[in-house]
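Can you read through this structure? Questions will come right after.
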Amino acid sequence: MEKGEKFQREKIGKPGYLNENCWLVKTLNYTPYKRCQYCESKFHDCLFLHYQIISLILIFFFLALPFLIEGKSSELVIISVFTLVIVYGYFFNKSTDKLIKANFEQRKAKEALEELAKRLEERVEQRTKELGKACEELKKLDKAKSEFVSIASHQLRTPLTAIKGYISMMLEKTYGEPPEKMEKPLKNIYLSNERLIKLVNDLLNVSRIEAGRMEMELEKLSLEEIITSVAEELKNIVKEKGIYLNFEKPEKALPKILADREKIRQVIMNVIDNAIRYTEKGGVTIKCKMQNAKCKIEVSDTGAGLTKYELSKMFGSFSRGTAGTRLYTEGVGLGLYVARRFVEMHNGKIWAESKGKDKGSTFYIELPIK
Amino acid sequence: MKKILLVEDEKILAEMYRDKFTQAGFEVFLAFEAKEGLKLAEKEKPDLVVLDILLPKENGITFLTWLRKKSETSLISVVAFSNYDDPETKREAFRLGVKDYLIKTNYTPQEIIEKIKNYLKE
């Protein structure tokens, strides 16, 4: 049994190969002829068996039969028959060898192909597992990164809150009347701090957008109210720069839209704040209207304007118009990227148009009602 | 005089808000940790708790859970007031009945006073 098992493990073509289909080989438990190592046929299909049967029939007819009938066989006939059987055996052997070997080659190629496919499958499976593992690792890393950004933002915001709080209280005269010449530096500290807060918020937003962890809190809201409140918040900066900021309200109030208040406020804030930042003369005009069943906000400025190249790159992350290098400006170009992503989350559209450098620009925000 | 319990671990911020709230005419109780805050809430029964979320040892969410479990403090109004604005934490805070979740950097102390006055009117 042990021997049988050992044979079974041998491959076709090897001396120890045992053809389980062949009755003769199975009974003998070894391969009687060399070519049996290549054969997988059943016993009744065995070409050597056919040869033996044919030989026996020949011997019987040409040798045994005349002997039985006539009581003797001629020596010449005996020699002729045996020579015939041997010569026939030789040619038979030669031709069938080729046949069996060809079968063996075919079988070998098939096995190699199967082996290759199996190995390929195994490799694909292994690679898929590795990829899955890497993906899990990446997800973990991504979550850790988001958590890190949340914590880091918290740590950054704490001192910024203290600065904002104390400066605002000083400006509100909580600690008594500040000296007159202190007022402007205090305001500047306050505004710079506001920029830093905005930057931290933008970074936090970008990190969440990239990680797909940005969530929406939808409610019915009035765009006019938000624009008014943003304009109110920015009026001091506008005053400092000596430019104007006009909100031309529509004659008929716009319908309320279903949107995330904080995000829409930030979009409008980023766009208007951006327009103010790049406008040194003139000012910024805001309009809003209904168009094709959508609310459309227009923010036009008389500022630096935009080239075609800038217009195409405007809403990508970390980009800024060339005016950003010509003029003193704050920010690293995250604002418009965040704005675009927020607008897209509302199935809206944001784009900019400009007639060229120093010819001002207009930003459009289009939001569906629902 | 309305009572406000401020649970805030950052000493500088805690003092700043305490000064502002006191100046605005509130009686302010200050706690630097969740356990301390809970004890003060039980003792003083404040009209409003202004609660930081990231606190040492137990966080603001744990404080809220404790507060809601005790019958004598379960109905106290709470406003979450933190610079940590993780969406999941926010959701959890609202589930535990906070009136609002304010991000500190977005408001000046004066704006917070206005907000508090509105919450107390409700």
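Just the number please: accessible area per residue for chain A, 1.4 Å probe, all protein chains included, in Å². Write down the numbers at each step before the final one.
Numbers: 22940 Å² over 370 residues.
With all protein chains present, chain A gives 62 Å² per residue.
For region B:20-87, which trypsin sites (Lys or Arg not before Pro) pass both filters: DSSP loop (anything but H, G, I, E, B) and at most 13 other C-beta atoms within 10 Å?
Numbers: sites: B:Lys20, B:Lys35, B:Lys39, B:Lys43, B:Lys57, B:Arg68, B:Lys69, B:Lys70; in loops: B:Lys57, B:Lys70.
Of the trypsin sites (Lys or Arg not before Pro), the ones in loops of region B:20-87 whose Cβ has at most 13 other Cβ atoms within 10 Å are B:Lys57, B:Lys70.
In whole Å, what is the distance between the alpha-carbon centres of region A:222-294 and region A:137-184?
Centre-to-centre distance over Cα atoms comes out at 25 Å.
Can you bin every Cα-Cα distance in the protein assembly as shown into 20 Å intervals starting at zero and give me the percent of pairs per bin, rounded to whole numbers?
Result, from short to long distances: 17, 33, 15, 9, 14, 9, 3, 0 percent.
Once both labels are modelled 7 Å past Cα along the beta-carbon direction, what's the B:Lys43-A:Lys313 spacing in nm?
Output for this residue pair reads 6.2 nm.
Same structure again: Using only the Cα atoms of region A:63-207, what semi-axes does the equivalent ellipsoid have when each is the square root of 5 times a gyration tensor eigenvalue? Give whole Å, largest first.
On the way: eigenvalues 2333, 25, 8 Å².
Over the Cα atoms of region A:63-207, the ellipsoid semi-axes are 108, 11, 6 Å.
Also, quick follow-up: For B:Ser82, A:Ser312, what's the largest-to-smallest order of accessible area, 1.4 Å probe? List each step's numbers first, then the result.
Details: B:Ser82 0, A:Ser312 85 Å².
Largest accessible area first, the list is A:Ser312, B:Ser82.
Something else: Below 14 angstrom from the Cβ of B:Glu33, what's the summed charge of the other residues (Lys, Arg +1; Asp, Glu -1)?
Working: positive: B:Lys11, B:Lys35, B:Lys39, B:Lys57; negative: B:Glu8, B:Asp9, B:Glu10, B:Glu36, B:Asp52, B:Glu58.
Summing Lys/Arg as +1 and Asp/Glu as -1 gives -2.
Related question: Suppose accessible area is computed on protein heavy atoms with a 1.4 Å probe; arrange B:Met16, B:Met1, A:Met216, A:Met269 from highest to lowest. Walk me through the numbers on the way to the answer.
Numbers: B:Met16 0, B:Met1 165, A:Met216 65, A:Met269 25 Å².
Final ranking, largest accessible area leading: B:Met1, A:Met216, A:Met269, B:Met16.
Which positions within region A:186-216 get 30 Å² or more of their accessible surface covered by the other protein chains, compared to the chain by itself, with a 1.4 angstrom probe?
When all protein chains are present, A:Arg208, A:Arg213, A:Glu215 each give up 30 Å² or more of accessible surface.
Can I ask one more? When the Cα centres of region B:46-122 and region A:52-76 are compared, how far apart do they sit, in Å?
Each part's Cα centre sits 115 Å from the other's.
Still on this structure, I have one more. Let me check I've understood the local charge: for A:Gly242, count other residues with C-beta under 12 angstrom from its C-beta, Lys and Arg +1, Asp and Glu -1. What total comes out?
Values: positive: A:Lys239, A:Lys241, A:Lys281; negative: A:Glu240, A:Glu280.
Counting the neighbours of A:Gly242, the net charge comes to +1.
Helix-only mean residue ellipticity at 222 nm, chain A, DSSP H runs n ≥ 4 weighted -39,500 (n - 2.57), per residue, nearest 500. What is it?
Working: 11 runs with 219 residues, N = 370.
Calculated mean residue ellipticity at 222 nm is -20500 deg cm²/dmol.
If you roll a 1.4 angstrom probe over the protein chains with everything in place, what fraction of the accessible area of region A:115-202 belongs to carbon and sulfur, to the nearest %? Present the calculation step by step, with values, prior to reporting the outcome.
On the way: 3850 of 6140 Å².
Carbon and sulfur: 63 percent of the exposed surface of region A:115-202.
Show A:Val124, B:Val50 ordered by accessible area, largest first, where the area counts protein heavy atoms only and the probe is 1.4 Å. Working shown, then result.
Values: A:Val124 90, B:Val50 5 Å².
The ordering from most to least exposed comes out as A:Val124, B:Val50.
Residues of region B:73-107 with accessible area at least 50 Å² lower in the all-protein-chain context than alone (1.4 Å probe)?
Residues losing area: B:Asn83, B:Tyr84, B:Asp85, B:Pro87, B:Thr105.
Leaving out ligands, DNA and RNA, and with a 1.4 Å probe, what % of the accessible surface on region B:16-57 is carbon or sulfur? If you can, show how the numbers build up before the last one.
Working: 930 of 1840 Å².
The nonpolar share, carbon plus sulfur, comes to 51 percent.
Further question: Pick out, in residue order, every one of the trypsin sites (Lys or Arg not before Pro) in region A:71-102 that is DSSP loop and has at most 11 other C-beta atoms within 10 Å; say none if there are none. Could the numbers behind the result be given before it?
On the way: sites: A:Lys72, A:Lys94, A:Lys98, A:Lys101; in loops: A:Lys72.
Passing sites in region A:71-102 are A:Lys72.
When only Cα pairs under 8 Å and 6 or more residues apart are kept, what is the percent relative contact order across chain A?
10
Let's test the formula: R0 of 35 Å, r as the Cβ-Cβ distance of A:Trp23 and A:Leu65. What FRET efficiency results, to the nearest 0.05? Please list the in-between numbers first.
On the way: r = 29 Å, r/R0 = 0.84.
My answer for the efficiency is 0.75.
Working only with C-alpha atoms, what are the Rg and Dmax values of region A:136-247, expressed in angstrom?
Cα radius of gyration and Dmax of region A:136-247 are 18.5, 60 Å respectively.
Further question on the same structure: To the nearest 10 square angstrom, how much accessible area does A:Glu125 have with a 1.4 angstrom probe?
Roll a 1.4 Å probe over it and A:Glu125 shows about 110 Å².
With r as the distance between the Cβ atoms of B:Phe32 and A:Ser192 and R0 = 30 Å, compute the FRET efficiency 1/(1 + (r/R0)^6) and round to 0.05.
My answer for the efficiency is 0.50.
Would you kindly derive the ³J(HN,Hα) couplings of region B:8-14 from the backbone phi angles with the Karplus curve 6.51 cos²θ - 1.76 cosθ + 1.60 (θ = phi - 60°), listing them in order in whole Hz, with x for Gly and Pro?
8, 8, 7, 4, 4, 5, 4
List the residues of region A:149-168 that lose 50 Å² or more of accessible area once all protein chains are present, compared with their chain alone (1.4 Å probe, heavy atoms only, no ligands or nucleic acids).
When all protein chains are present, A:His154, A:Arg157, A:Thr158, A:Thr161, A:Lys164, A:Tyr166 each give up 50 Å² or more of accessible surface.
Heads up, I need the accessible area for B:Glu111: 1.4 angstrom probe, whole protein in place, Å², nearest 10.
80
In percent, what relative contact order does chain B have, based on Cα pairs under 8 Å that are 6 or more apart in sequence?
Values: 195 pairs, mean separation 27.7, N = 122.
For chain B, the relative contact order is 23 percent.
Estimate for me the total accessible surface buried between chains A and B (protein heavy atoms, probe 1.4 Å, no ligands or nucleic acids), in Å² to the nearest 100. All intermediate terms of the calculation are to be shown ahead of the outcome.
Details: alone 24000 and 6540 Å², together 28440 Å².
Approximately 2100 Å², summed over both chains.
Could you compute how much accessible surface A:Ser192 exposes when probed at 1.4 Å, giving the result in Å² to the nearest 10?
70
The values are calculated or read from the model by the stated rules, or taken from the named source; none is laboratory data. Every value quoted in this text rests on a predicted model; they were computed, and no experiment measured them. Please note: Cβ atoms are built from the backbone with ideal geometry, for glycine as well, and neighbour counts cover all protein chains shown. Only protein heavy atoms, including side chains, enter the accessible area calculation; ligands, DNA and RNA are left aside. Shrake-Rupley method; radii C 1.70, N 1.55, O 1.52, S 1.80 Å.
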